[in-house]
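A.B. asks: Dropping the structure in here first, questions after.
FYI, it's all coordinate maths here, none of it is from the lab. All values reported here derive from a predicted model rather than from experimental measurement. All Cβ positions, glycine included, derive from the backbone under ideal geometry; neighbour counts span all protein chains shown.
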Amino acid sequence: MRLFADSASDLPKQFFTEEDVILFPLRVHIGDKDYEDIRTIHSKQVYNAIRSDIHPKTSQVSPEEMLNAFEQLAKSGDEGYYIAFSSELSGTYSTAVMVADQVREEYPELKLTILDSKAASLGYGTLVKEAARLRAAGHSLNEIIEKTRFMAGHMESLFTVEDLDYMAKGGRISKGSAFVGGLLNIKPLLHVEDGKLVPIEKLRGRKKVLRRMVELMQERGADWGKQTIAISHGDDLEFAHLLKKEIEDSLHPKQVDIYMIGSVIAAHTGPGTLAVFYLNQVDM
């Protein structure tokens, strides 16, 4: 069984190698240089560019790379499962479906399932990690699909950014939804709703944002002792550890993992972003 994931899952390069998950990198463009996310660029480079007032651009996974991977899968006779970045935030999912249909014209026996995760960053990455874990434990493809679809339907996310205008410029939220309060230390709080980024509150100061994140987690989450919570940060590890401590003190989860936000997501959210991902229901 072959697992595929793209770089918007924000999992480290080491994960793809160690867990034998085939990586589809989205692309990052800084100035006149093009990079493949995870493979040829680290998110630190993106944050440094943004701080230097250089605004990176991104594009979806190369259709040619998908075509080659899906053709190899068809020729092998193996089963495949691609968990993809939210279709509301990228064209990568729809491209994958189109390419798979193209491959099936020549190889009708292609055994490939493609899931729209309706998630981004570690909300999406958590699904990929679970798929890899289940495969290693000997579960069937149908069992893996069932569990990850369930998780995708019960994934919650909360995040804050330094400047929503940057996300609006990138087209990830509407310009009407963007609000900036830098001079007043106003921090926006957002979540993902049906795959889309939606602002929900404005709060003054980081401490209030952290407390409110944990309050909303208490309202929306469940079975903390069975959950591994995922935190992703925009080159601000100190902020991430503050949130981790708040979560551990209040919710006592099974585990809390912290990762830096990857290059493509970083290009649209900027430095100082903090996100947390968890489930509102654990057992199927």
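A.B. asks: Extension gain ASP283-ILE200, at 0.36 nm per residue separation less the Cα-Cα distance, in nm?
C.D. replies: Difference between extended and current length: 27.1 nm.
A.B. asks: Report the local net charge at GLY125: Lys and Arg +1, Asp and Glu -1, summed over other residues whose C-beta lies under 10 Å from its C-beta.
C.D. replies: Cβ neighbours under 10 Å give a net charge of -2.
A.B. asks: A further question follows. Select from LEU67, ILE50, ALA96 the residue farthest towards the positive end of the dipole of region 26-115; place +1 on Cβ of Lys and Arg, -1 on Cβ of Asp and Glu, and compute about the Cα centre.
C.D. replies: Going by the Cα projections, it comes out as ILE50.
A.B. asks: Using the per-residue mean of other Cβ atoms lying within 10 Å as a proxy for protection, in what order, highest first, do the peptides 24-30, 203-209 fall?
C.D. replies: 24-30, 203-209
A.B. asks: Just to be sure I understand: if I project the alpha-carbon convex hull of region 186-284 onto a plane and average over all orientations, what area do I get in nm²?
C.D. replies: So the mean shadow area of the Cα hull is 6.4 nm².
A.B. asks: Once you put a point 7 Å from the Cα of SER52 and another 7 Å from the Cα of HIS154, both along the Cβ direction, what distance in nm separates them?
C.D. replies: Taking the simple label geometry, SER52 and HIS154 are separated by 4.6 nm.
A.B. asks: Let me ask you something else. Under a Cβ-Cβ cut-off of 13 Å, what is the net charge of the residues other than THR95 that fall near it, where Lys and Arg count +1 and Asp and Glu count -1?
C.D. replies: After counting each charged neighbour, the total is -4.
A.B. asks: Here's a follow-up. Which one, THR148, LEU158, ALA136, is farthest towards the positive end of the dipole of region 93-164 when Lys and Arg carry +1 and Asp and Glu -1 on their Cβ?
C.D. replies: Towards the positive end, the residue furthest out is ALA136.
A.B. asks: A follow-up question, please. For region 74-162, what is the convex hull (Cα atoms) projected area averaged across all directions, in square nanometres?
C.D. replies: 6.7
A.B. asks: Would you mind checking the tilt of helix 121-136 against the longest principal axis of the Cα atoms of the chain, expressed as 0 to 90 degrees and rounded to 10?
C.D. replies: It is inclined by approximately 40 degrees.
A.B. asks: I would also like to ask the following. Given charges of +1 on the Cβ of Lys and Arg and -1 on the Cβ of Asp and Glu, with all other atoms neutral, how large is the dipole of the chain about its Cα centre, in debye to the nearest 20?
C.D. replies: Here the chain has a charge dipole of around 980 debye.
A.B. asks: If a/c stays under 1.5 just call it rounded; otherwise compare a/b with b/c (prolate if a/b is bigger, oblate if not). Do that for region 1-67, with a ≥ b ≥ c from the square roots of the Cα gyration tensor eigenvalues.
C.D. replies: It is oblate, given that a/c is not under 1.5 and a/b is not larger than b/c.
A.B. asks: Shape of the chain from its Cα gyration tensor (a ≥ b ≥ c, root eigenvalues): rounded if a/c is under 1.5, otherwise prolate when a/b > b/c, or oblate?
C.D. replies: oblate
A.B. asks: May I ask you to derive the FRET efficiency for GLU143 and SER59 from their Cβ-Cβ distance with R0 = 41 Å, giving the value to the nearest 0.05?
C.D. replies: Result of the calculation: an efficiency of 0.75.
A.B. asks: Just to confirm the number: angle between the C-alpha axis of helix 206-220 and the first principal axis of the chain, 0 to 90 degrees, nearest 10?
C.D. replies: 50
A.B. asks: Now a separate question. Evaluate E = 1/(1 + (r/R0)^6) for THR17 and ARG133, where r is the Cβ-Cβ distance and R0 equals 22 Å; express this FRET efficiency to the nearest 0.05.
C.D. replies: 0.85
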